Structures are given as structure tokens and as C-alpha cells.
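Structure first, then comments.
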């Protein structure tokens, strides 16, 4: 089962399209293994590396991925539990400007990213298909719980690709 384009904002297609599986119940556990393998490959001496002036460091990319996954999982939980109030958007640049990753270790960020994904896995694996079909409004767009599961996997894949191609990881 895959979300339909009417199940999410057009801007989310970037992430959803990166998920090759039509079975989110297998894609999520598989994503954990892929995420762990990639994170394990990032050398400590690249933690503060950036590919161009003004771009995020590797640690900042990881912090952004953590924050975004938490936001997506929170929204999914709200809608799965029947929330009827629209949820606000979030400004990724504003979030990034308000966190100091210089005090964070690369290992600590890796651990938090894996724990965040594990919590997402546990949450989604315990939802019924009827929960995945529930819909709410976030960032002024209707979106299903299922779409958020795909966005969680795809958002990381998007950043993993950037880290490989532009950061040389």
C-alpha cells in the first residue's frame, strides 16, 4: 500500500518517490538497517565537514534529520489518534538556527538518529491499516498517517544521497 498523490502535499513527493517499496511495513525495518550501516560509515573527522560555504555540516544535517523525523512522527501520531485541529508547519532553517551542534558529538547524533528511527518503527508497526488511512491537516495540506511513514523513510534517503554525492561520504 502506497499513499496517493492526494494523500500529501506536492512538496512531499520528493521524499515519497525515493521509497521503492509498496510495503511500508517492510520498508521501515529495512530503512533502520540501511540507516545504521550508513551512519556507521561516517568517519569522525568528517563531522564538521561541509561541501560549500553556508551549507550545513554533517552534524547539522544529522540534527535536521532527527528534528524532521520527530516532527513527522508527531504529526502521524496526532492524526492516528484522531486529532482534528490543523497542525502548523515548521521552518527547518529556523530549527537549525536554534540548535548548537558544536557541543554535540557525531556519535551522540548517530545514536539519537537510530533511537528516533527505532521509535518511529515501533509506533508504525503497531498501527492498523485503518490508522494508516487516517488524515489530518498539516502545513495547510491534507496528509495521511501512511504518507508520514513514507516521508520518514524518504526524507532520510534524500539526505543520505546528498551526504554521499556532495559531502563525499
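Values quoted throughout were computed directly from the atomic coordinates according to the rules given, and no laboratory measurement underlies them. Keep in mind that what you see is a predicted model, and the values were worked out from it rather than measured. Every residue, glycine as well, gets a Cβ built from its backbone with ideal geometry; the counts of neighbours run over all protein chains shown.
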**Prompt:** Using the alpha-carbon atoms, what tilt in degrees (0 to 90, nearest 10) does helix 24-41 show relative to the longest principal axis of the chain?
**Reply:** 10 degrees
**Asked** Nearest 10 degrees, 0 to 90: what angle lies between the long axis of helix 145-165 and the longest principal axis of the chain (Cα atoms)?
**Response** 20 degrees
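In Å³ and rounded to a whole number, note down the convex hull volume per residue for the Cα atoms of the range 99-169.
Per-residue hull volume (Cα only) is 125 Å³.
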**Fill in**
In degrees rounded to 10, the 0-90 angle between helix 106-125 Cα long axis and the longest Cα principal axis of the chain is 10 degrees
**Request:** Evaluate the Debye formula for the range 53-108 with equal point scatterers sitting on the alpha carbons, no solvent, and hand back log10 of I(q)/I(0) at q = 0.26, 0.30 Å⁻¹, in q order, two decimals.
**Result:** -1.06, -1.26
**Request:** Note down, for the range 9-91, the three equivalent ellipsoid semi-axes (square root of 5 times each alpha carbon gyration tensor eigenvalue), biggest first, whole angstrom.
**Result:** 27, 19, 13
**Request:** For each of 24, 42, 137, 122, count neighbouring Cβ atoms within 10 Å of the residue's Cβ, then give the residues from fewest to most.
**Result:** 122, 137, 42, 24
**Asked** Dividing the alpha-carbon radius of gyration of the range 5-165 by 2.2 N^0.38 Å (N being the number of residues), what value is obtained?
**Response** 1.03
**Message:** Given the DSSP H assignment, sum -39500 (n - 2.57) over each helix run of at least 4 residues in the chain and divide by its residue total; what's the result at 222 nm in deg cm²/dmol, nearest 500?
**Reply:** -18000 deg cm²/dmol
